[in-house]
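Below: one structure, written as structure tokens.
The values are calculated or read from the model by the stated rules, or taken from the named source; none is laboratory data. No experiment lies behind these values; they were computed from the predicted model shown. Note that we place each Cβ from the backbone using ideal geometry, even for glycine, and neighbour counts take in every protein chain shown.
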Amino acid sequence: MSKSVAFYTLGCKLNFSETSAISRQFSEAGYQVVDFNAGADVYVINTCSVTDHADRKCKKVVREAKKFNAASKVAIIGCYAQLKPQEILDIPGVDGVFGASEKFNIPAHIAELGNQPTLYNSHIKEVKEYKSAFSMGERTRTFLKVQDGCNYFCSFCTIPLARGRSRSDSIENVVKTANEIAQEGIKEIVLTGVNIGDFGYPNNEKFIDLAKALEGVEGIERFRISSIEPNLLKDEIIDFVAASKKFVPHFHVPLQSGSDAVLKAMRRRYERKLYKSRVEKIKTLMPDCCIGVDVIVGFPGETDEEFAKTYEFLRDLDVSYLHVFAYSERPNTTAVRMEGRVPNSKRTERREMLQILSEKKRRAFYESQLGKTRPVLFEEKEKDGYLYGHSDNYVSVKIPYDPGMVNELVNFKLKEIAADGAVTGYEVAAPIMV
């Protein structure tokens, strides 16, 4: 009887792609991948350091794993595992902690885990090898990792300490993987990475060349860029997406602050003028393009006046939704030593203000799309009798559940916004819009 393994992933799309790659390694080693509540023999928990309370979340998931099978072996990977391995080793129930250099070698080490928790780790400066990964499990879309690590060292961020320096897959290998994904019947690939615009470093390749190469992959209907820094979102990339038949009109562009003084303290590599120019360029070429924004509130030194600059900048900017984060202190970062700490209550208040603004922005964007026909890919998301999907420009769409529509790309007339925020409408018999 084969042994079983279950997974739990916290954090970003990149983590999900890596969890999926590790899952396939276990399958190749003869393990059966099961649901978390199935009492697996091995549990792999992929952690995050970006969100607050990583330790609390990790402890909770470990307790749940041991509740389902007290004899299971529990392995912890991810950014939290690289940054604070000793802290995790002290969590009751943890059997192994695998840092960035060893997380893709877990199946080979599981048999070694004994009564004492074991650390498999190395200094992040030694992590130089690139490991490819992509998610599987959904028939409609996959997250394909093309880049890892970061050379930017923003003053608030621990990612370079957790994932190491920037490094990338090769164009040749990404295209090969995309072709393999197409053979599985998947129609959308989301390109992911820590700093995807830095793709090609240090291979002397460029992201625009990768995009052009992927355009020729047969069987994949849509490519989506997960997130790209504004200073790396060059005109040539925007021009390419605007003319592309496969890259969709959807960008997620981190801003972090609408105050130049705060951006400088964050060690971001642009000012708000450049960010605004990127948005205007996108909207000029693609008026229906969806633009998402990352924002951090409560950064040290962010006064009421500086926050007001962020709020007003975003209010007046033609963007579609916001991902809002309250600043949280991270050990070993420059920001943690800065003066001008913002009280937690004020961080929460500012976050809530921007979340309300985000809801208004999303609603306005959806309303601007009503009456239009967009290509929609319906996913395996059934809820309360409805099937959900996304348009090319990232409008959430729902129809009465129809199993024949799963993984179908159809032209869809956007009619009205339902109570849950998704858009309803109907399929139209017309050639797919590109």
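At a glance:
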| read-out | value |
| --- | --- |
| Set Asn411, Asn407, Asn332: member being out of contact with any Phe, Trp or Tyr (no Cβ under 9 Å at 6 or more places or on another chain) and part of a loop (DSSP other than H, G, I, E, B) | Asn332 |
| Some residue of the range 233-248 being more than 28 Å from Glu408 (Cα to Cα) and of a type in the set (S, T, N, Q) | no |
| Candidate set from the range 368-378 (those that are closer than 17 Å to Arg224 by Cβ and of a type in the set (A, V, I, L, M, F, W, C)); member that is surrounded by the most Cβ atoms within 10 Å (Cβ to Cβ) | Val376 |
| Qualifying residue in the range 140-156 (condition: of a type in the set (A, V, I, L, M) and surrounded by fewer than 18 Cβ atoms within 10 Å (Cβ to Cβ)) | no |
| Verdict on Lys60 being among the charged types (D, E, K, R), in a helix (DSSP H, G or I), touching a Gly at 6+ places or on another chain (Cβ under 8 Å) and modelled with pLDDT of 90 or more | no |
| Qualifying residue in the range 72-82 (condition: buried (at least 19 other Cβ atoms within 10 Å of the Cβ), assigned to a strand (DSSP E or B) and basic (Lys, Arg)) | yes |
| So Ser101, is it crowded, with 19+ Cβ neighbours inside 10 Å, in contact with a Ser or Thr (Cβ under 7 Å, 6 or more places away or on another chain) and not in a helix (DSSP H, G or I) | yes |
| Some residue of the range 119-139 being touching a strand residue (DSSP E or B) at 6+ places or on another chain (Cβ under 8 Å) and part of a helix (DSSP H, G or I) | no |
| Top-ranked residue of the range 379-409 - restricted to ones that are modelled with pLDDT under 95 and touching a Gly at 6+ places or on another chain (Cβ under 6 Å), ranked as surrounded by the most Cβ atoms within 10 Å (Cβ to Cβ) | Glu379 |
| Only listed residue being modelled with pLDDT of 95 or more, among the aromatic types (Phe, Trp, Tyr) and not assigned by TED's automatic domain parsing to the domain that holds Phe325, chosen from Phe412, Phe365 | Phe412 |
| Pairs with Cβ under 6 Å, 6+ apart, first in the range 333-348 and assigned by TED's automatic domain parsing to the domain that holds Glu302, second part of a loop (DSSP other than H, G, I, E, B) and surrounded by fewer than 14 Cβ atoms within 10 Å (Cβ to Cβ) | Val336/Glu329 |
| Every pair of residues 6+ apart whose Cβ atoms lie under 7 Å, when the first sits in the range 172-193 and is at pLDDT 95 or above while the second is surrounded by fewer than 16 Cβ atoms within 10 Å (Cβ to Cβ) and part of a helix (DSSP H, G or I) | Val175/Ala213 |
